[in-house]
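Colleague: Please see the structure below; I have some questions.
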Amino acid sequence: MDATREGVGIVLQFLHEQGFISARKALEVESGIEYDEKTQGAHKGNYLLSAVAVYNEFLLSKTPESGKAEKERAIEEDLVNPKGGPTKPVSTGKKLAAVHGVNIIDVRFSYAKDFQDIVASSDAKGSIVVTDVKSGSTRTAVKPGFFKAPILTTDFNPSNNLLAVGCMNGGQYIVDLKAKDKTGLLSDDVEPEVLGDLEKHGKYVNRIRWNRDGSLLATCSYDKEVRIYAVANAQEVKCELKGRFQFRRGVECVEWGWGPNAHFLYVSIQQDNYIHSIDTKAMKKANSYNMNSFGDDHVSFSALDLHASQDGKYVIACTDKDRVIMFASNSNIQVRNFYGAESGQYFNPRAVLDCNHSNLYATSYDNSIIGWDVGSQRPSAKLTDHTKMIRSLHVHATEPQLVSGSYDRTVRLWSV
């Protein structure tokens, strides 16, 4: 294809994505190239943003250091040379023994000490299966019908074996899986117990997430609300509602920060170009960060999933427009953009970083998982064993391992 025509096509797509319709029409007239969404849609208008980032890096190399430039250089050095050295991308997948007769909705590693090889997988009939990824042992910890609706989201408390559960009917629960160690967790002789039955949301519970020490629990829903509970676990679990936060649209996702940002809860909402934050020390809304590079308020994409790096430095926004953006925490500074994972209609993508942010992985509409080297932004893996939509993706706390759950009713472990 003619390079000039290709370049104009990318600019036309970019103008269309950003909502600059008059400018797009003017360029059509002057260039003689008519915009056609079916054909021009193949162009990724956001490639221009990557080109701008490269150009800005060139300018930085030619100008004296400023405070901002020094910060950006430190970020770049950290991304190219992560602490502990880069880890290899995962490449090998195996099907775990977890048995589900219906679509798998969520999978989650435990981050609790001595439980980090345990995965909980949940499905559309409300059952939860726990699997030890090292031994391969598995059992159905929660049988179908225990909950009265499909489970959409789960999370292990990082300090014990309590499992938070959010359901399609708005129900949200804290479940004791009755195990002091992995052997007990995998024993058929124990029965789960619901310790906390929290006030129902008005619509689906999209995320339920413990903070990093397990003292706070955040939930969110399409009812436009985020709730934060303080959870005391002495002789019995006690839940106290500490904050209720309303947003103007349905809430897609919540994600806790790490390290120095562990008191921040990051929030994304439907049809919105911001990452919002809640300061849980003050228990109030904090700053909102515009995801648009130019600072405008046109909503050309939204974040359907958020993931924070374990060192607290970065937040990943997985968007509905074939793009994953890596931000410096508590800022609108885009430090990386990743392309190649497709976001189809009605698809809810997921993205994760490995434990030292060497590699980033995202689910794709073509039933694959795409991996990138964070330092170079180059694709490093394409994992293709799933045969239907991948609904969930999570990363091991300390090992280069991923777990994924799919509508093909399988749970798969991916490792180096």
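The values are calculated or read from the model by the stated rules, or taken from the named source; none is laboratory data. Just so it is clear, the model here is predicted, and its values are computed rather than measured. Using ideal geometry, Cβ is built from the backbone for each residue, glycine included, and neighbour counts are taken over all protein chains shown. Please note that ligands, DNA and RNA were not included when accessible areas were found on the heavy atoms of the full protein model with its side chains. Shrake-Rupley method; radii C 1.70, N 1.55, O 1.52, S 1.80 Å.
Colleague: Mind putting together the pair-distance distribution for the chain? All Cα pairs, 20 Å bins, whole percent per bin, short to long.
Modeller: All Cα pairs considered, the percentages come to 26, 57, 16, 1.
Colleague: Short version: ³J(HN,Hα) in whole Hz for each residue of region 398-410, in order, from phi by Karplus 6.51 cos²θ - 1.76 cosθ + 1.60 (θ = phi - 60°), x for Gly and Pro, what are they?
Modeller: 10, 10, x, 9, 10, 10, 9, x, 9, 6, 7, 6, 10
Colleague: What is the helix-to-structure angle for 3-18, meaning the angle in degrees between its Cα long axis and the longest Cα principal axis of the chain, kept from 0 to 90 and rounded to the nearest 10?
Modeller: 50
Colleague: Please work out the FRET efficiency for the pair ILE333 and LYS88, using the Cβ-Cβ distance as r and a Förster radius of 30 Å; give the result to the nearest 0.05.
Modeller: On the way: r = 28 Å, r/R0 = 0.93.
Working from the Cβ atoms, E equals 0.60.
Colleague: Additional query: Heavy atoms only, probe 1.4 angstrom, no DNA, RNA or ligands counted: give me SER31, SER309 ranked by accessible area, highest first.
Modeller: Values: SER31 50, SER309 5 Å².
So, going from the largest accessible area down, we get SER31, SER309.
Colleague: Given +1 on the Cβ of Lys and Arg, -1 on the Cβ of Asp and Glu, and no further charges, what dipole in debye does the chain carry about its Cα centre, rounded to the nearest 20?
Modeller: With only Lys, Arg, Asp and Glu charged at Cβ, the dipole is about 640 debye.
Colleague: So, R0 is 35 Å and r is the distance between the beta-carbons of ASN169 and GLU70; what FRET efficiency does that work out to, to 0.05?
Modeller: On the way: r = 51 Å, r/R0 = 1.46.
Plugging the Cβ-Cβ distance into 1/(1 + (r/R0)^6) gives 0.10.
Colleague: Between GLU37 and LYS178, what is the label-point separation in nm under the 7 Å Cα-to-beta-carbon projection?
Modeller: Once both label points are built, they end up 5.5 nm from each other.
Colleague: Under 17 Å from a label point 7 Å along Cα→Cβ of ARG248: give me every residue in region 271-296 with its amide N that close.
Modeller: 271-277, 285-292, 295-296
Colleague: If each of ASP279 and THR4 carries a label point 7 Å out from its Cα toward its Cβ, how far apart are those two points in nm?
Modeller: 5.5
Colleague: Follow-up. Could you give the angle, 0 to 90 degrees to the nearest 10, between helix 21-31's Cα long axis and the longest principal axis of the Cα atoms of the chain?
Modeller: 40
Colleague: Counting other C-beta atoms within 10 Å, and keeping those with at most 13, which DSSP coil chymotrypsin sites (Phe, Trp or Tyr not before Pro) do you find in region 263-354?
Modeller: Loop-located and lightly packed - PHE294, TYR346.
Colleague: Which GluC sites (Glu not before Pro) does region 173-246 hold that lie in a coil by DSSP with at most 15 other beta carbons within 10 Å?
Modeller: Taking region 173-246 and a limit of 15 other Cβ atoms within 10 Å, the loop GluC sites (Glu not before Pro) found are GLU199, GLU236.
Colleague: How do LYS284, LYS182, LYS113 rank by accessible surface area computed with a 1.4 Å probe, from largest to smallest?
Modeller: LYS113, LYS284, LYS182
Colleague: Let me ask you something else. For the pairs LYS182/LYS382; LYS68/LYS242; LYS200/LYS284; LYS313/LYS382; LYS321/LYS382, flag any whose C-alpha to C-alpha distance is greater than 28 Å.
Modeller: The answer is LYS182/LYS382; LYS68/LYS242.
Colleague: Are there GluC sites (Glu not before Pro) in region 64-148 that DSSP puts in a loop and that have at most 16 other Cβ atoms within 10 Å, and which ones?
Modeller: Those that pass, being in a loop and sparsely packed, are GLU65.
Colleague: Then there's this: To test your reading of the geometry: what angle, between 0 and 90 degrees and rounded to tens, separates the Cα axis of helix 67-80 from the longest principal axis of the chain?
Modeller: 60
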